[in-house]
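Novice: This is the structure I want to talk about, given as structure tokens.
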Amino acid sequence: MFDRIIGVFKLDREVFAEIEHDTTATSQAAIVVAIVAALSVVGSVLGTLFTLITGGELQIGALLINIVTTFLLTFVNWLIWSAVTYFVGTQLFKGDADLSEMLRVIGFAYAPRMLSIIPCIGGIIGAIWALIASYFAIKEGLDLDDGQTIATVLIGWLITVIIGAILGALGIGGAIGAGALRGLMR
């Protein structure tokens, strides 16, 4: 699993192909997402500590809510992003994949988000790197050409944001709606 994570950081297409075809790697992808979620929580706590050091106040309730929603939203966003890109890629562009393959490649594409442990800049760098990794994951997972892959990423992202907004407007886990955009942009 560690070698695969390194391969994702290197944007190695062969690693994404290996992940796509390894039916036992879905649990590994979930572990990658869990590591990302845990490190995002650590990064959030480090940000809170920085705020305290610079004279801010500790708001334990807000911190606890942030910890729980950060962890949960990472998983929710993984599931939504995987399902939406699967649907867009297979229905609009006739990509060849099943949902399990998309869960695997997208889950591993989250690996660069491990950089979110670094307050401020780590989340931005991780988000950009993960977006690029998602491009490779989607391209490999759905067997699409470059244009179809870019369209799938853009359309999928827009649909995912809309789903999050609708869930938020309905009050279904209000944080999910607000967090869908945040989670995808992280």
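The values are calculated or read from the model by the stated rules, or taken from the named source; none is laboratory data. A quick note: this is a predicted structure, and the numbers were derived from the prediction, not measured. Cβ sites come from the backbone with ideal geometry, for glycine too, and all protein chains shown count toward neighbours. Surface accessibility is based on the protein's heavy atoms, side chains included, excluding ligands, DNA and RNA. Shrake-Rupley method; radii C 1.70, N 1.55, O 1.52, S 1.80 Å.
Novice: Return the Cα extents of the chain along principal axes one, two and three, sorted largest first, each rounded to a whole Å.
Specialist: Extents along the principal axes: 53, 39, 27 Å.
Novice: In square angstrom, what is the accessible area per residue of region 19-151 with a 1.4 angstrom probe?
Specialist: Details: 6080 Å² over 133 residues.
Heavy-atom SASA per residue in region 19-151 reads 46 Å².
Novice: Could you give the distance between the Cα centres of region 121-159 and region 6-45, to the whole Å?
Specialist: 14
Novice: Moving on to the next point. Compute the long axis of helix 26-53 from its Cα atoms, compare it with the longest principal axis of the Cα atoms of the chain, and write down the angle in degrees, 0 to 90, nearest 10.
Specialist: 30
Novice: Also: Can you tell me the 0 to 90 degree angle between the C-alpha axis of helix 99-109 and the longest principal axis of the chain, rounded to 10?
Specialist: Once rounded, the angle reads 50 degrees.
Novice: Right, another one. Excluding VAL105 itself, what net charge comes from residues whose Cβ is under 12 Å from its Cβ, given Lys and Arg +1 and Asp and Glu -1? Numbers along the way, then the final one.
Specialist: Values: positive: ARG4, ARG13, ARG104, LYS139; negative: GLU18, GLU20, ASP22, ASP98, GLU101, GLU140, ASP143.
Summing Lys and Arg as +1 and Asp and Glu as -1 gives -3.
Novice: Using only C-alpha atoms and all pairs of different ones, pull out the Kirkwood radius for region 5-91 in Å with one decimal.
Specialist: Working: mean 1/r = 0.0652 Å⁻¹.
About 15.3 Å for region 5-91.
Novice: Output the 0 to 90 degree angle, nearest 10, between the alpha-carbon long axis of helix 146-169 and the longest principal axis computed from the alpha carbons of the chain.
Specialist: Roughly 40 degrees between the two axes.
Novice: Okay, next question. GNM on the chain, C-alpha springs below 10 Å: top fluctuator among GLN28, GLN148, GLN59?
Specialist: GLN59
Novice: For the chain, what's the relative contact order in percent, using C-alpha pairs closer than 8 Å and at least 6 residues apart? Before the final figure, lay out each step's value.
Specialist: On the way: 273 pairs, mean separation 50.9, N = 186.
For the chain, the relative contact order is 27 percent.
Novice: Right, here's the next one. Mind listing the long-range amide H neighbours of ASP143? Cut-off is under 5 Å, sequence gap 5 or more, other chains count too, H placed in the peptide plane at 1.01 Å from N.
Specialist: ASP96
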